[in-house]
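The values are calculated or read from the model by the stated rules, or taken from the named source; none is laboratory data. Predicted, not measured: the structure shown is a model, and the values here were computed from it. Note: ideal-geometry Cβ built from the backbone for every residue, glycine included; neighbour counts use all protein chains shown.
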Amino acid sequence: MFLRNEAGKYGMKLYRVDKLAKPNGAVIKKKHILAQSDRQAVRQAEDSDDCPICDVLRDGERVGQIL
């Protein structure tokens, strides 16, 4: 899935970040972010204060996990 970013260029992908109660536990909160790559999406999630334990998903598949 590609979305147009503010500059009008393609290449951004939509990711979902699921905040978890514990590793592989229940989802407490969900949010969406835009990133150019899986690595960048995981880095954005790591930098978030809202994400001590999270899964990062693209198209429903986990591409990263923050523990």
Open item on the list: If I ask for residues that are at pLDDT below 95 and charged (D, E, K, R), which ones from segment 14-28 would you list?
Closed with: Lys22
Open item on the list: Checking the conditions here, which among Ile33, Ile28, Ile53 is over 24 Å from Gly11 (Cα atoms), in contact with a strand residue (DSSP E or B) (Cβ under 9 Å, 6 or more places away or on another chain) and either touching a residue at least 24 places away in the same chain (Cβ under 8 Å) or surrounded by 15 or more Cβ atoms within 10 Å (Cβ to Cβ) (or both)?
Closed with: Ile53
